[in-house]
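First comes the structure, then the notes that go with it.
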Amino acid sequence: MVLESLMEFIKSGAGSAIELITATNLSVGGIIILILGVIFFLGWLAVGIGGFILWIWMLVDCIQRKFSNKNEKIIWIVILVGSIFLGFLLLHLLAAIIYNFVVRKRKVTIKLNRKGK
């Protein structure tokens, strides 16, 4: 019913927000819930896209980094690539964050300490 009313409103031409509310029979509470739903969706979309960019960045870093142990590099690549296939609950984001703090930040700190001596 609401969708049909909305389609009729769109076909008739753009009107004011009050006309839209009247045409779709939405209450103020319904409008608030709709706005909050859109904000919630956009927030999770931003987290997902940001997490994917961080994951790509950490994967590229892992591939280019020279580890002291070759097995360590293979293990991190398997963890990072495997996490994208088990991507429920943003597991790839968690794997990228763990890699960032365990490997990437540790190596940067070691390099800074050597330069300071």
Of those in region 67-83 that are in a helix (DSSP H, G or I) and among the polar types (S, T, N, Q), the residue nearest to TYR99 (Cα to Cα) is SER83
Within region 36-66, of all residues that are more than 20 Å from the chain's Cα centre (by Cα) and free of Cβ contacts under 8 Å to residues at least 12 places away in the same chain, the one farthest from ALA96 (Cα to Cα) is LYS66
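Only the coordinates and a few stated rules stand behind these numbers; no lab work does. Here the structure is a predicted model, which means the values were calculated and not measured. We place every Cβ from the backbone using ideal geometry, glycine too, and count neighbours over all the protein chains shown.
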